[in-house]
1. Listing Val21, Val7 from the residue with the fewest other Cβ atoms within 10 Å to the one with the most, what is the order?
2. Quick one: Debye curve from the alpha-carbon atoms of the chain only, equal weights, vacuum; give me log10 I(q)/I(0) at q = 0.12 Å⁻¹ to two decimals.
3. Taking other Cβ within 10 Å of each residue's Cβ, how do Arg105, Arg100 sort, fewest first?
4. Go ahead and run the numbers for FRET between Arg108 and Ser27, Cβ-Cβ distance against an R0 of 30 Å, rounding to 0.05.
5. Would you mind telling me which residue in Thr95, Thr75, Thr39 has the biggest mean-square fluctuation in a Gaussian network model of the chain, where springs connect alpha carbons within a distance under 10 angstrom?
6. Using a 10 angstrom cutoff on alpha carbons, build the Gaussian network for the chain and name the most mobile of Val44, Val91, Val18.
7. For the chain, build the charge dipole from Cβ charges (+1 Lys, Arg; -1 Asp, Glu) around the Cα centre, then report which of Met42, Gly93, Ala72 sits farthest towards its positive end.
8. What distance in nm lies between label points placed 7 Å from Cα along the C-beta direction at Phe82 and Lys50?
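No lab work stands behind these numbers, since they all come straight from the coordinates. Worth saying up front: this structure is predicted, and the values here are computed from it rather than measured. Positions of Cβ are generated from backbone atoms using ideal geometry, with glycine treated the same way; all protein chains shown enter the neighbour counts.
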Amino acid sequence: MGSHAAVAAELLEDRGIVDLVLEDHLSPEVPEDWRALFTLVMKVNGAAAKVSEADIDAARSAGWNEEAIYDAITTCALFNFFNAWVDGAGVPGLTAEAYRESARRMARGSYA
């Protein structure tokens, strides 16, 4: 998660919002449309088989289109895979500074 959070902070140019979402994605400081999308992503992350049409409709009602919803679900699923592989393979974590440097590199090239 350290890597993904660092890249999000780099792309958004705002570590504070990333930390806020990680702490509580339902915080009133997080825009309502994003809270709806993060709620869907949290369900995909923890109980993907239980995602229902009502969950998708809640994201749609908040203003997200099919492409954005698909991208959010796909990103969550892929990062779950990557994280499971990294953990299972015993890949060691990085220091906070190494994550920041890696994030700057990824934001310039492979994420954007």
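1. Going from least to most buried by this count: Val21, Val7.
2. -0.47
3. With the fewest neighbours first, Arg105, Arg100 line up as Arg105, Arg100.
4. On the way: r = 30 Å, r/R0 = 0.99.
Once the sixth-power term is evaluated, E becomes 0.50.
5. Thr95
6. Of Val44, Val91, Val18, the most mobile in the Gaussian network model is Val91.
7. Gly93
8. 2.7
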